[in-house]
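Enquirer: Below: one structure in structure tokens.
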Amino acid sequence: MSFKFCSFASGSSGNSYLVRSDETAIIIDAGISGKRIMEGLDYAGTAPEEVGAILVTHEHSDHVQSLKVLHKKLPEANTYSNFATWENIQDRIPEGRHVAFESGDEFSVGDIQVKSFATHHDSSESVCYSMKHDGKQITILTDTGHISEDIYNEIKGADILALEANHDPNVLAMCRYPYYVKRRILGDFGHLSNEAAAECIARLMEDDPKRRRVLLAHLSRENNSPEMALLTVRNYLGERGIFTGDELALDVLLRDEVSKIYVL
Ligand SMILES: [Zn+2]
Ligand SMILES: [Zn+2]
């Protein structure tokens, strides 16, 4: 039995991920073109009929852009979102193809257990998801201004964790964004910085030094780079005496490239 993760795109210009078991495939967010998602599925050896669900985290366009077209291409997939998000995306979903839940609910898609959990972001009611199969856990945490204890408890058991490392605050401070946008990104309901990601990884490894893979996600184009994110996180962890190796595998997910397929 295997449990796999692949990122089709990750970043503030579009997000879409695949999680799959031998039997079932789930897409998390549809924030890039349908064409790119279908190419990603093909690369990951997944037939359109195998996709049983599209999980939506929140209604921002970098997460829902191609929902409408995907329903035509994925005959077995229903879209799952909480009620508040559904209010904002229902015009993109054909009648009878939506499953609504309350944030915090658990449900299964085929042989994958899904747990939704609330995040802190400037949308109607954002969530992220943990997926479990055969005793393994894959969790994606992006689009949150901070990591509350509730969120920490949801992510700590993950064997693969895609974790937001959106920006470097110093670069953000100097960039051309209007002041109110900077405030929004940096705020409690914005996005996690490279340092916030590093701090979270350090805590995870100090609390429970089990083997885990962390994939830095949702990088900003203007205020970050893969090199900067990795360097900041590695330096921070190094200062705490934590190094990548057998226990901790660290990688970065790119905005314009399909990632490799990570297998548990
Ligand atoms: Zn986003
Ligand atoms: Zn967002």
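Enquirer: Sort out which residues of the range 49-59 are charged (D, E, K, R) and either under 18 Å from the mean Cα position of the chain (by Cα) or buried (at least 23 other Cβ atoms within 10 Å of the Cβ) (or both), and write them in order of number.
Expert: Of everything in the range 49-59, just one residue is charged (D, E, K, R) and either under 18 Å from the mean Cα position of the chain (by Cα) or buried (at least 23 other Cβ atoms within 10 Å of the Cβ) (or both), namely Glu59.
Enquirer: With Ile138, Ile93 as the choices, which residue is more than 16 Å from ligand 2 (Cβ to nearest atom), surrounded by 14 or more Cβ atoms within 10 Å (Cβ to Cβ) and touching a residue at least 40 places away in the same chain (Cβ under 8 Å)?
Expert: When all the criteria are applied, what remains is Ile138.
Enquirer: Do you know which residues across the range 103-122 are among the β-branched types (Val, Ile, Thr), more than 16 Å from ligand 2 (Cβ to nearest atom) and closer than 18 Å to His58 by Cα? Before you say what the answer is, go through the steps one by one.
Expert: Just the residues of the range 103-122 that are among the β-branched types (Val, Ile, Thr), to begin with: 109, 112, 114, 119.
In the following step, the residues that additionally are more than 16 Å from ligand 2 (Cβ to nearest atom) were identified as 109, 112, 114.
Listed by number, the list holds a single entry, Val114.
Enquirer: Since Glu195 meets every condition but one in (1) modelled with pLDDT of 95 or more; (2) outside any helix (DSSP H, G or I); (3) under 26 Å from Leu172 (Cβ atoms); (4) open to solvent by 10 Å² or more (accessible area, probe 1.4 Å), which condition does it not meet?
Expert: (2)
Residues checked against (1) open to solvent by 50 Å² or more (accessible area, probe 1.4 Å); (2) within 16 Å of ligand 2 (Cβ to nearest atom); (3) touching a helix residue (DSSP H, G or I) at 6+ places or on another chain (Cβ under 7 Å):
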{"residue": "Ser10", "(1), (2), (3)": "no, yes, no"}
{"residue": "Asn15", "(1), (2), (3)": "no, yes, yes"}
{"residue": "Ser33", "(1), (2), (3)": "no, no, no"}
{"residue": "Arg36", "(1), (2), (3)": "yes, no, no"}
{"residue": "Ala47", "(1), (2), (3)": "no, no, no"}
{"residue": "Phe101", "(1), (2), (3)": "no, no, no"}
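Enquirer: Identify, please: which residue in the range 2-28 is more than 13 Å from the chain's Cα centre (by Cα) and not in a strand (DSSP E or B) and is, among those, farthest from Gln137 (Cα to Cα)?
Expert: Here the answer is Ser13.
Enquirer: If you don't mind, there's one more thing I want to ask. Out of everything in the range 123-135 that is open to solvent by less than 60 Å² (accessible area, probe 1.4 Å) and under 15 Å from Ala25 (Cα atoms), what residue ends up being nearest to ligand 2 (Cβ to nearest atom)?
Expert: Here the answer is Tyr129.
Enquirer: Of everything in the range 242-264, what is over 15 Å from the mean Cα position of the chain (by Cα), at pLDDT 95 or above and among the small types (Gly, Ala, Ser)? Give them in sequence order.
Expert: Hit for the range 242-264 is Ala249, nothing else.
Enquirer: Which members of the range 2-55 meet the condition of being among the hydroxyl-bearing types (Ser, Thr, Tyr) and within 24 Å of Ser108 (Cβ to Cβ)?
Expert: Ser2, Ser7, Ser16, Tyr17, Ser21, Thr24, Thr46
Enquirer: Taking only pairs six or more apart or across chains, which ones have beta-carbon atoms under 8 Å, a first residue in the range 39-65 that is within 16 Å of ligand 1 (Cβ to nearest atom), and a second residue that is open to solvent by 50 Å² or more (accessible area, probe 1.4 Å) and not small (Gly, Ala, Ser)?
Expert: Within 8 Å, the pairs are His58/Glu125; Glu59/Asn88; Val64/Arg92.
Enquirer: To continue, here is another question. If you scan the range 242-264, which residues turn out to be hydrophobic (A, V, I, L, M, F, W, C) and part of a loop (DSSP other than H, G, I, E, B)? Explain how you work it out, then say what you get.
Expert: First pass over the range 242-264, keeping only residues hydrophobic (A, V, I, L, M, F, W, C): 242-243, 248-250, 252-254, 258, 261, 263-264.
Within the range 242-264, Ile242, Phe243, Leu253, Leu254, Val258, Ile261, Leu264 qualify.
The values are calculated or read from the model by the stated rules, or taken from the named source; none is laboratory data. Nothing here was measured: the structure is a model prediction, and the numbers come from that model. Glycine gets a Cβ as well: all are built from the backbone with ideal geometry, and neighbour counts include every protein chain shown. Just so you know, the surface numbers come from the protein's heavy atoms only, side chains and all, with ligands and any DNA or RNA stripped out. Shrake-Rupley method; radii C 1.70, N 1.55, O 1.52, S 1.80 Å.
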